[in-house]
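The values are calculated or read from the model by the stated rules, or taken from the named source; none is laboratory data. In this text, all values refer to a predicted model and were calculated from it rather than measured experimentally. Backbone-built Cβ (ideal geometry, glycine too); neighbour counts: all protein chains shown. Just the protein is used for accessible areas: all its heavy atoms, side chains included, with ligands, DNA and RNA removed. Shrake-Rupley method; radii C 1.70, N 1.55, O 1.52, S 1.80 Å.
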Amino acid sequence: MFGKVFNYGGMSGLIAGVLMFALAATSRSHPSTHFGEPLAYVVMLLAALPIFVAIRRYRSDDSRGKVGVVPGLAIGLAVAAVAAVVYALCWELTLAWSGIDYAADHAAQVLGQAQDQGVSGAALDQLNAHLQQFRTDYATPSHRLAFSFMESFPTGAAVALVSALLLSNPRFMPLRGGRRR
């Protein structure tokens with residue numbers, strides 16, 4: 001089972017990482033501040049589909065066509081954790097290759113949006129101080145890896161939960177006759 005967790009987790013993380021790399025490569029010449037984050041989460045959601053496949057394969061190959069919610073969720077969360085680690089490492093490679101200063105770009109975008117909404121004075125100063133702290137933290141590789149992990153893992157955890165709930169019902173995507181042992 002550990003092999004499946006690492007295989008499907010690696011696959012999921014690489015899908016997200018490669019797609020994020022492609023987005024970063026294209027955004028260097030065509031920056032998209034309005035669609036960047038939603039598109040990133042759609043990519044992560046699509047990349048999390050191997051979590052469903054891993055639970056389904058466990059149900060069909062290793063547990064005679066039945067899987068409980070808790071075992072399914074445990075497998076899904078393990079795959080999501082591996083995927084999030086792989087994604088975080090891919091994001092590090094993307095940042096190193098592209099030279100993007102994500103923290104500065106993000107801080108400038110948030111500050112600009114706040115100013116457009118009329119935030120000023122002490123509130124704007126407080127937001128700016130918070131964003132400067134974010135930039136300082138994001139410059140540290142361990143913090144950046146943790147941020148990237150926490151950006152990806154919740155999406156995988158949600159997919160794991162939904163997949164475990166669906167696949168715990170043996171009538172959902174039932175096995176074909178010859179597959180049960």
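Only one of Gly76, Gly68 is closer than 15 Å to Ala48 by Cα and either in contact with a His (Cβ under 8 Å, 6 or more places away or on another chain) or not hydrophobic (A, V, I, L, M, F, W, C) (or both). Can you tell me which? If you could, list the steps in order and put the result at the bottom.
Numbers: Gly68 fails: closer than 15 Å to Ala48 by Cα.
The conditions single out Gly76.
Can you name every residue in the range 135-147 that is assigned to a helix (DSSP H, G or I) and among the small types (Gly, Ala, Ser)? So that I can check it myself, show each step before the final result.
To start, the set of residues in the range 135-147 that are assigned to a helix (DSSP H, G or I) comprises 135-138, 141-147.
Those that are assigned to a helix (DSSP H, G or I) and among the small types (Gly, Ala, Ser): Ser142, Ala146.
Kindly indicate whether any position in the range 148-159 is within 15 Å of Ala103 (Cβ to Cβ), assigned to a helix (DSSP H, G or I) and among the aromatic types (Phe, Trp, Tyr).
No, the conditions are met nowhere in the range 148-159.
Just one of the numbered conditions (1) touching a Gly at 6+ places or on another chain (Cβ under 7 Å); (2) modelled with pLDDT under 90; (3) polar (S, T, N, Q) is not true of Gln113; which one?
Only one criterion is unmet by Gln113, namely (1).
Would you mind stating whether Ser163 is in contact (Cβ under 8 Å) with a residue 40 or more places away in the chain, over 30 Å from Arg64 (Cα atoms) and surrounded by 11 or more Cβ atoms within 10 Å (Cβ to Cβ)? Step through it out loud before you land on a result.
Details: in contact (Cβ under 8 Å) with a residue 40 or more places away in the chain: yes; over 30 Å from Arg64 (Cα atoms): no; surrounded by 11 or more Cβ atoms within 10 Å (Cβ to Cβ): yes.
Criteria not met by Ser163.
What number goes with the only condition from (1) small (Gly, Ala, Ser); (2) under 14 Å from Phe153 (Cα atoms); (3) at pLDDT 85 or above that Ala40 does not pass?
Unmet condition: (3).
What pairs come up if the first residue lies in the range 97-126 and is of a type in the set (Ser, Thr, Tyr), the second is surrounded by 11 or more Cβ atoms within 10 Å (Cβ to Cβ) and in a helix (DSSP H, G or I), and their beta carbons are under 6 Å apart, counting only those six or more places apart or on different chains?
Ser98/Ala24
Name, by its number, the condition in (1) at pLDDT 85 or above; (2) open to solvent by 30 Å² or more (accessible area, probe 1.4 Å) that does not hold for Ser148.
Single failed check for Ser148: (2).
Being closer than 17 Å to Glu92 by Cβ and of a type in the set (Gly, Ala, Ser) is the filter here; which residues of the range 130-164 pass it?
Matches in the range 130-164: Ala139, Ser142, Ala146, Ser148, Ser152.
From the list Ala103, Ala158, pick out the single residue that is of a type outside the set (Val, Ile, Thr) and farther than 26 Å from Asn7 by Cβ. Working first, answer last.
Numbers: Ala158 fails: farther than 26 Å from Asn7 by Cβ.
Just a single option satisfies the conditions, and that option is Ala103.
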